Amino acid sequence: MVESTAEKILHMLAQPYQIEDRELHIGASIGIAVIPDDGRSADDILRYADTAMYQAKQAGRNHYKYYTQSMNEAAQQRLRIDTAMHTALENGELQLHLQPVVTPDGKPAGAEALMRWRSAALGPVMPDVFIPIAEENGLIVPMGQWILREACRVAAALPDYMFMTVNVSCVQFRSRGFPQTVQDILVETGIEPSRLHLEITERVLMQDVEEVRQSIERIVDLGVSMAIDDFGTGYSSLSYLNRFPCSTLKIDHSFVMSMMEDQASQGLVDAIINMGHSLHIHIIAEGVETEQQLELLKYKGCDFLQGYYLSRPLPIDEFKAFMHQSV
Ligand code: C2E
Ligand code: CA
Ligand code: CA
(Lines give C-alpha, C1' and ligand atoms only; values in the text may rest on other atoms or scores of the structure.)
(Ligands and ions follow the chains in the order given, each with its own letter.)
Protein backbone atom coordinates (compact mmCIF):
# COMPACT_ATOMS: atom_id res chain seq x y z
CA MET A 1 0.00 0.00 0.00
CA VAL A 2 2.72 2.50 1.03
CA GLU A 3 4.87 1.43 -1.90
CA SER A 4 2.11 1.73 -4.47
CA THR A 5 1.23 5.20 -3.13
CA ALA A 6 4.89 6.27 -3.33
CA GLU A 7 5.13 4.94 -6.89
CA LYS A 8 1.92 6.72 -7.86
CA ILE A 9 3.22 10.05 -6.50
CA LEU A 10 6.56 9.65 -8.31
CA HIS A 11 4.81 8.69 -11.52
CA MET A 12 2.40 11.63 -11.38
CA LEU A 13 5.14 14.15 -10.63
CA ALA A 14 7.32 12.76 -13.41
CA GLN A 15 4.85 13.83 -16.10
CA PRO A 16 6.30 16.78 -18.03
CA TYR A 17 4.77 20.22 -17.52
CA GLN A 18 4.36 22.56 -20.40
CA ILE A 19 5.10 26.14 -19.30
CA GLU A 20 4.89 28.56 -22.21
CA ASP A 21 7.17 27.02 -24.86
CA ARG A 22 9.26 24.95 -22.47
CA GLU A 23 8.80 21.43 -21.22
CA LEU A 24 9.75 21.13 -17.56
CA HIS A 25 10.37 17.99 -15.54
CA ILE A 26 10.01 17.64 -11.80
CA GLY A 27 11.74 14.89 -9.85
CA ALA A 28 10.90 13.78 -6.34
CA SER A 29 12.48 11.67 -3.61
CA ILE A 30 10.38 9.98 -0.94
CA GLY A 31 11.41 8.70 2.48
CA ILE A 32 9.18 6.30 4.37
CA ALA A 33 9.12 5.57 8.11
CA VAL A 34 6.52 3.29 9.65
CA ILE A 35 4.62 3.52 12.95
CA PRO A 36 5.19 1.66 15.25
CA ASP A 37 8.17 -0.28 13.82
CA ASP A 38 10.44 2.75 13.46
CA GLY A 39 9.09 4.96 16.23
CA ARG A 40 5.99 6.15 18.00
CA SER A 41 6.18 9.93 18.15
CA ALA A 42 5.39 12.13 15.16
CA ASP A 43 8.72 13.93 15.61
CA ASP A 44 10.71 10.69 15.41
CA ILE A 45 8.79 9.41 12.42
CA LEU A 46 9.23 12.66 10.51
CA ARG A 47 12.93 12.77 11.31
CA TYR A 48 13.42 9.15 10.18
CA ALA A 49 11.39 9.70 7.02
CA ASP A 50 13.59 12.72 6.34
CA THR A 51 16.74 10.58 6.76
CA ALA A 52 15.27 8.00 4.36
CA MET A 53 14.42 10.78 1.89
CA TYR A 54 18.01 11.98 1.95
CA GLN A 55 19.14 8.44 1.09
CA ALA A 56 16.59 8.31 -1.72
CA LYS A 57 18.07 11.55 -3.10
CA GLN A 58 21.57 10.10 -2.87
CA ALA A 59 20.37 7.07 -4.85
CA GLY A 60 19.82 9.38 -7.81
CA ARG A 61 16.40 10.94 -7.09
CA ASN A 62 13.03 9.71 -8.30
CA HIS A 63 13.23 6.91 -5.76
CA TYR A 64 11.55 6.03 -2.51
CA LYS A 65 13.35 4.42 0.42
CA TYR A 66 12.31 2.91 3.72
CA TYR A 67 14.09 4.09 6.83
CA THR A 68 16.57 1.61 8.35
CA GLN A 69 18.63 1.76 11.54
CA SER A 70 21.92 1.94 9.59
CA MET A 71 20.64 5.06 7.84
CA ASN A 72 20.48 6.73 11.19
CA GLU A 73 24.14 5.96 11.85
CA ALA A 74 25.07 7.28 8.40
CA ALA A 75 22.99 10.41 9.07
CA GLN A 76 24.78 10.98 12.37
CA GLN A 77 28.18 10.64 10.72
CA ARG A 78 27.02 13.06 8.06
CA LEU A 79 25.99 15.51 10.76
CA ARG A 80 29.39 15.21 12.45
CA ILE A 81 31.11 15.97 9.12
CA ASP A 82 28.76 18.87 8.44
CA THR A 83 29.43 20.38 11.89
CA ALA A 84 33.23 19.98 11.68
CA MET A 85 33.28 21.45 8.17
CA HIS A 86 31.95 24.81 9.37
CA THR A 87 35.28 25.60 11.01
CA ALA A 88 37.60 23.75 8.59
CA LEU A 89 38.58 26.83 6.60
CA GLU A 90 39.22 29.19 9.52
CA ASN A 91 41.17 26.45 11.37
CA GLY A 92 43.43 25.96 8.35
CA GLU A 93 42.42 22.30 7.99
CA LEU A 94 42.19 22.35 4.19
CA GLN A 95 45.13 21.46 2.03
CA LEU A 96 45.86 21.66 -1.67
CA HIS A 97 47.24 18.56 -3.34
CA LEU A 98 48.35 18.48 -6.95
CA GLN A 99 48.20 15.52 -9.29
CA PRO A 100 50.56 15.81 -12.27
CA VAL A 101 49.11 15.65 -15.78
CA VAL A 102 51.75 14.53 -18.29
CA THR A 103 52.28 14.49 -22.06
CA PRO A 104 52.54 11.14 -23.92
CA ASP A 105 56.34 11.37 -23.67
CA GLY A 106 56.13 11.70 -19.91
CA LYS A 107 56.82 15.44 -19.47
CA PRO A 108 54.77 17.32 -16.84
CA ALA A 109 52.25 19.54 -18.64
CA GLY A 110 50.00 20.61 -15.82
CA ALA A 111 48.32 19.62 -12.60
CA GLU A 112 44.88 19.02 -11.16
CA ALA A 113 44.17 20.73 -7.84
CA LEU A 114 42.49 18.34 -5.40
CA MET A 115 41.17 19.34 -2.01
CA ARG A 116 42.24 17.51 1.13
CA TRP A 117 40.69 17.96 4.54
CA ARG A 118 42.33 16.81 7.76
CA SER A 119 39.75 17.56 10.39
CA ALA A 120 40.98 18.15 13.96
CA ALA A 121 37.89 16.33 15.23
CA LEU A 122 37.46 13.55 12.66
CA GLY A 123 40.88 12.98 11.08
CA PRO A 124 41.29 12.87 7.30
CA VAL A 125 38.01 12.97 5.36
CA MET A 126 38.06 12.16 1.64
CA PRO A 127 36.58 14.52 -0.97
CA ASP A 128 34.10 11.92 -2.22
CA VAL A 129 32.61 12.08 1.27
CA PHE A 130 32.84 15.79 2.14
CA ILE A 131 32.29 17.50 -1.23
CA PRO A 132 28.65 16.32 -1.59
CA ILE A 133 27.98 17.55 1.97
CA ALA A 134 29.70 20.87 1.24
CA GLU A 135 27.46 21.20 -1.83
CA GLU A 136 24.39 20.65 0.33
CA ASN A 137 25.33 23.08 3.10
CA GLY A 138 26.76 25.67 0.71
CA LEU A 139 30.28 25.63 2.17
CA ILE A 140 31.59 24.49 -1.22
CA VAL A 141 31.41 28.17 -2.25
CA PRO A 142 34.04 29.51 0.21
CA MET A 143 36.01 26.25 0.13
CA GLY A 144 36.05 26.26 -3.67
CA GLN A 145 37.16 29.88 -3.66
CA TRP A 146 39.98 28.98 -1.27
CA ILE A 147 41.32 26.17 -3.47
CA LEU A 148 40.99 28.29 -6.62
CA ARG A 149 43.10 31.03 -5.02
CA GLU A 150 45.69 28.57 -3.66
CA ALA A 151 45.96 26.72 -6.97
CA CYS A 152 46.42 29.97 -8.92
CA ARG A 153 49.00 31.21 -6.44
CA VAL A 154 51.02 28.00 -6.77
CA ALA A 155 50.61 27.95 -10.56
CA ALA A 156 51.87 31.53 -10.87
CA ALA A 157 55.23 30.33 -9.50
CA LEU A 158 55.44 27.27 -11.80
CA PRO A 159 56.94 27.36 -15.32
CA ASP A 160 54.51 29.15 -17.60
CA TYR A 161 53.96 26.18 -19.92
CA MET A 162 52.17 24.39 -17.04
CA PHE A 163 48.40 24.56 -16.79
CA MET A 164 46.44 24.32 -13.56
CA THR A 165 43.09 22.60 -13.45
CA VAL A 166 40.59 23.34 -10.69
CA ASN A 167 37.32 21.48 -10.08
CA VAL A 168 34.27 23.71 -9.87
CA SER A 169 31.07 22.34 -8.40
CA CYS A 170 27.68 22.96 -9.89
CA VAL A 171 26.71 24.89 -6.74
CA GLN A 172 29.71 27.23 -7.06
CA PHE A 173 28.93 27.78 -10.68
CA ARG A 174 25.42 28.85 -9.89
CA SER A 175 26.45 31.05 -6.96
CA ARG A 176 26.17 34.75 -7.61
CA GLY A 177 29.29 36.47 -8.88
CA PHE A 178 31.34 33.37 -9.65
CA PRO A 179 32.89 34.83 -12.86
CA GLN A 180 33.83 37.95 -10.88
CA THR A 181 35.53 35.78 -8.23
CA VAL A 182 37.55 34.10 -10.99
CA GLN A 183 38.52 37.47 -12.42
CA ASP A 184 39.55 38.84 -9.00
CA ILE A 185 41.70 35.79 -8.29
CA LEU A 186 43.39 36.04 -11.70
CA VAL A 187 44.29 39.66 -11.00
CA GLU A 188 45.36 38.99 -7.41
CA THR A 189 47.65 36.06 -8.25
CA GLY A 190 48.87 37.36 -11.60
CA ILE A 191 48.49 33.99 -13.33
CA GLU A 192 48.09 34.09 -17.11
CA PRO A 193 44.35 33.29 -17.60
CA SER A 194 44.96 30.72 -20.35
CA ARG A 195 46.92 28.60 -17.85
CA LEU A 196 43.81 28.17 -15.70
CA HIS A 197 41.43 25.37 -16.65
CA LEU A 198 38.12 25.03 -14.81
CA GLU A 199 36.69 21.52 -14.68
CA ILE A 200 32.96 21.10 -14.60
CA THR A 201 30.91 17.95 -14.96
CA GLU A 202 28.21 17.28 -17.48
CA ARG A 203 25.75 17.92 -14.65
CA VAL A 204 26.51 21.65 -14.83
CA LEU A 205 25.89 21.78 -18.57
CA MET A 206 22.78 19.67 -18.33
CA GLN A 207 21.08 22.30 -16.22
CA ASP A 208 20.78 24.20 -19.44
CA VAL A 209 19.99 27.40 -17.65
CA GLU A 210 20.73 30.74 -19.16
CA GLU A 211 22.77 31.83 -16.13
CA VAL A 212 25.14 28.84 -16.54
CA ARG A 213 25.66 29.66 -20.21
CA GLN A 214 26.33 33.31 -19.42
CA SER A 215 28.76 32.43 -16.62
CA ILE A 216 30.73 30.12 -18.92
CA GLU A 217 30.86 32.81 -21.59
CA ARG A 218 32.11 35.41 -19.14
CA ILE A 219 34.78 33.05 -17.85
CA VAL A 220 35.91 32.10 -21.36
CA ASP A 221 36.02 35.83 -22.23
CA LEU A 222 38.55 36.23 -19.41
CA GLY A 223 40.78 33.83 -21.34
CA VAL A 224 40.24 30.87 -18.99
CA SER A 225 39.69 27.39 -20.50
CA MET A 226 36.83 25.05 -19.67
CA ALA A 227 37.21 21.28 -19.31
CA ILE A 228 34.52 18.64 -18.96
CA ASP A 229 35.28 16.12 -16.23
CA ASP A 230 34.18 12.48 -16.02
CA PHE A 231 33.14 12.66 -19.65
CA GLY A 232 30.75 9.91 -20.68
CA THR A 233 29.36 9.15 -17.23
CA GLY A 234 26.49 11.63 -17.24
CA TYR A 235 23.56 11.76 -19.57
CA SER A 236 25.87 12.93 -22.30
CA SER A 237 24.26 15.01 -24.93
CA LEU A 238 26.74 15.75 -27.65
CA SER A 239 24.89 18.88 -28.64
CA TYR A 240 26.30 20.82 -25.70
CA LEU A 241 29.83 20.37 -27.02
CA ASN A 242 28.78 22.68 -29.79
CA ARG A 243 26.97 25.13 -27.59
CA PHE A 244 29.64 25.45 -24.88
CA PRO A 245 33.16 26.59 -25.60
CA CYS A 246 35.04 23.72 -23.97
CA SER A 247 38.68 23.04 -24.77
CA THR A 248 39.34 19.77 -22.91
CA LEU A 249 37.48 16.52 -22.24
CA LYS A 250 38.57 14.14 -19.51
CA ILE A 251 37.85 10.49 -20.17
CA ASP A 252 36.51 9.04 -16.96
CA HIS A 253 38.71 6.49 -15.23
CA SER A 254 35.94 3.87 -15.32
CA PHE A 255 36.43 3.64 -19.13
CA VAL A 256 40.20 3.54 -18.77
CA MET A 257 39.80 0.70 -16.29
CA SER A 258 37.37 -1.40 -18.32
CA MET A 259 38.98 -0.64 -21.69
CA MET A 260 41.53 -3.45 -21.35
CA GLU A 261 38.91 -6.21 -21.01
CA ASP A 262 35.91 -4.78 -22.72
CA GLN A 263 35.68 -3.98 -26.44
CA ALA A 264 32.66 -1.72 -25.94
CA SER A 265 34.57 0.52 -23.50
CA GLN A 266 37.51 0.60 -25.86
CA GLY A 267 35.17 1.66 -28.66
CA LEU A 268 33.87 4.43 -26.43
CA VAL A 269 37.38 5.66 -25.67
CA ASP A 270 38.17 5.71 -29.41
CA ALA A 271 34.94 7.56 -30.12
CA ILE A 272 35.63 10.23 -27.46
CA ILE A 273 39.18 10.79 -28.74
CA ASN A 274 38.11 11.02 -32.39
CA MET A 275 35.16 13.25 -31.68
CA GLY A 276 37.22 15.52 -29.41
CA HIS A 277 39.99 15.88 -31.96
CA SER A 278 37.61 16.64 -34.80
CA LEU A 279 36.22 19.49 -32.64
CA HIS A 280 39.78 20.67 -31.74
CA ILE A 281 39.28 19.60 -28.14
CA HIS A 282 42.16 18.16 -26.09
CA ILE A 283 41.71 14.78 -24.47
CA ILE A 284 43.00 13.86 -21.03
CA ALA A 285 42.71 10.25 -19.90
CA GLU A 286 42.41 9.99 -16.13
CA GLY A 287 42.85 7.08 -13.74
CA VAL A 288 45.79 5.56 -15.62
CA GLU A 289 46.96 2.81 -13.26
CA THR A 290 49.04 0.43 -15.37
CA GLU A 291 51.71 0.50 -18.04
CA GLN A 292 49.40 -1.36 -20.46
CA GLN A 293 46.70 1.30 -20.07
CA LEU A 294 49.30 4.02 -20.58
CA GLU A 295 50.67 2.44 -23.76
CA LEU A 296 47.22 1.85 -25.25
CA LEU A 297 46.07 5.42 -24.49
CA LYS A 298 49.24 6.85 -26.00
CA TYR A 299 48.73 4.71 -29.09
CA LYS A 300 45.13 5.93 -29.36
CA GLY A 301 46.32 9.53 -29.38
CA CYS A 302 45.37 10.96 -25.96
CA ASP A 303 46.96 14.38 -25.57
CA PHE A 304 47.55 14.15 -21.82
CA LEU A 305 47.54 11.44 -19.19
CA GLN A 306 46.87 11.40 -15.47
CA GLY A 307 46.72 8.61 -12.92
CA TYR A 308 48.39 6.74 -10.06
CA TYR A 309 50.77 5.00 -12.50
CA LEU A 310 52.26 8.40 -13.35
CA SER A 311 51.86 9.99 -9.93
CA ARG A 312 49.42 10.15 -7.04
CA PRO A 313 48.11 13.58 -5.96
CA LEU A 314 50.97 15.19 -4.01
CA PRO A 315 51.47 17.94 -1.42
CA ILE A 316 53.03 21.02 -3.06
CA ASP A 317 56.65 20.33 -2.05
CA GLU A 318 56.51 16.76 -3.36
CA PHE A 319 54.85 17.99 -6.54
CA LYS A 320 57.74 20.41 -7.12
CA ALA A 321 60.23 17.58 -6.53
CA PHE A 322 58.32 15.45 -9.07
CA MET A 323 58.61 18.30 -11.58
CA HIS A 324 62.36 18.60 -11.10
CA GLN A 325 63.05 14.91 -11.56
CA SER A 326 60.78 14.63 -14.61
CA VAL A 327 62.06 17.49 -16.77
P1 C2E B 1 37.77 13.98 -9.90
O2 C2E B 1 37.68 15.43 -10.21
O3 C2E B 1 37.35 13.02 -10.95
O4 C2E B 1 39.27 13.75 -9.45
C5 C2E B 1 40.01 12.60 -9.74
C6 C2E B 1 39.98 11.65 -8.59
O7 C2E B 1 40.58 10.42 -8.99
C8 C2E B 1 40.81 12.13 -7.40
O9 C2E B 1 40.17 11.63 -6.22
C10 C2E B 1 42.13 11.42 -7.60
O11 C2E B 1 42.87 11.24 -6.43
C12 C2E B 1 41.64 10.10 -8.14
N13 C2E B 1 42.65 9.42 -8.96
C14 C2E B 1 43.71 9.94 -9.59
N15 C2E B 1 44.40 8.99 -10.27
C16 C2E B 1 43.73 7.84 -10.06
C17 C2E B 1 43.97 6.48 -10.48
O18 C2E B 1 44.90 6.15 -11.19
N19 C2E B 1 43.05 5.57 -10.07
C20 C2E B 1 41.99 5.88 -9.27
N21 C2E B 1 41.15 4.92 -8.90
N22 C2E B 1 41.74 7.15 -8.85
C23 C2E B 1 42.62 8.11 -9.25
P24 C2E B 1 39.91 12.56 -4.96
O25 C2E B 1 41.02 13.52 -4.76
O26 C2E B 1 39.54 11.65 -3.85
O27 C2E B 1 38.67 13.41 -5.40
C28 C2E B 1 37.44 12.81 -5.63
C29 C2E B 1 36.47 13.77 -6.24
O30 C2E B 1 36.16 14.84 -5.33
C31 C2E B 1 37.04 14.48 -7.48
O32 C2E B 1 36.91 13.63 -8.59
C33 C2E B 1 36.15 15.72 -7.54
O34 C2E B 1 34.92 15.40 -8.10
C35 C2E B 1 35.96 16.02 -6.07
N36 C2E B 1 36.92 17.06 -5.67
C37 C2E B 1 38.20 16.94 -5.22
N38 C2E B 1 38.73 18.16 -4.96
C39 C2E B 1 37.77 19.07 -5.29
C40 C2E B 1 37.69 20.51 -5.26
O41 C2E B 1 38.64 21.23 -4.92
N42 C2E B 1 36.50 21.09 -5.65
C43 C2E B 1 35.44 20.32 -6.07
N44 C2E B 1 34.31 20.95 -6.45
N45 C2E B 1 35.48 18.99 -6.12
C46 C2E B 1 36.63 18.36 -5.75
CA1 CA C 1 38.41 16.59 -11.82
CA1 CA D 1 37.31 12.99 -13.11
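The values are calculated or read from the model by the stated rules, or taken from the named source; none is laboratory data. On a predicted model such as this, the values are computed, not experimentally measured, just so you know. Glycine gets a Cβ as well: all are built from the backbone with ideal geometry, and neighbour counts include every protein chain shown. Side chains are part of the model used for accessible areas, which takes the heavy atoms of the whole protein and leaves out ligands, DNA and RNA. Shrake-Rupley method; radii C 1.70, N 1.55, O 1.52, S 1.80 Å.
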Flagged in the stretch 116-125 as part of a strand (DSSP E or B) and touching a residue at least 12 places away in the same chain (Cβ under 8 Å), in numbering order, are Arg116, Trp117, Arg118, Ser119, Val125
Matching residues, the stretch 310-327, being out of contact with any Phe, Trp or Tyr (no Cβ under 8 Å at 6 or more places or on another chain) and within 16 Å of ligand 3 (Cβ to nearest atom):
Leu310, Arg312, Pro313
Over 24 Å from Pro159 (Cβ atoms) and under 15 Å from the mean Cα position of the chain (by Cα): which single residue out of Pro132, Pro142 fits that description?
Pro132
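Listed here are the residues, each with its yes/no results for (1) surrounded by fewer than 16 Cβ atoms within 10 Å (Cβ to Cβ); (2) of a type in the set (Gly, Ala, Ser); (3) more than 9 Å from ligand 1 (Cβ to nearest atom).
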residue: Ala111; (1), (2), (3): no, yes, yes
residue: Val125; (1), (2), (3): no, no, yes
residue: Phe130; (1), (2), (3): no, no, no
residue: Gln145; (1), (2), (3): no, no, yes
Restricting to the stretch 181-224, give me the number of residues that are in contact (Cβ under 8 Å) with a residue 40 or more places away in the chain and away from ligand 3 (no atom under 16 Å from the Cβ).
9
If you check Ala75, Ala28, which single one turns out to be farther than 30 Å from Gly123 by Cα and touching a residue at least 24 places away in the same chain (Cβ under 8 Å)?
Ala28
Does Gly301 satisfy the condition of being away from ligand 1 (no atom under 16 Å from the Cβ) and loosely packed, with under 14 Cβ neighbours inside 10 Å?
yes
Test: Ala33 is surrounded by 10 or more Cβ atoms within 10 Å (Cβ to Cβ), out of contact with any Gly (no Cβ under 6 Å at 6 or more places or on another chain) and over 25 Å from Gln77 (Cβ atoms)
no
Selection from the stretch 245-258 of residues over 18 Å from the mean Cα position of the chain (by Cα) and away from ligand 1 (no atom under 13 Å from the Cβ) yields Pro245
Which condition from (1) within 15 Å of ligand 1 (Cβ to nearest atom); (2) open to solvent by 20 Å² or more (accessible area, probe 1.4 Å); (3) touching a strand residue (DSSP E or B) at 6+ places or on another chain (Cβ under 9 Å); (4) of a type outside the set (A, V, I, L, M) is the one that Trp117 breaks?
(2)
Restrict the check to the stretch 93-103 and report whether at least one residue is hydroxyl-bearing (Ser, Thr, Tyr), under 30 Å from Asp303 (Cα atoms) and open to solvent by 20 Å² or more (accessible area, probe 1.4 Å).
yes
For the stretch 316-327, what are the residues that are under 10 Å from Leu98 (Cβ atoms) and either open to solvent by less than 40 Å² (accessible area, probe 1.4 Å) or acidic (Asp, Glu) (or both)?
Glu318, Phe319, Phe322, Met323
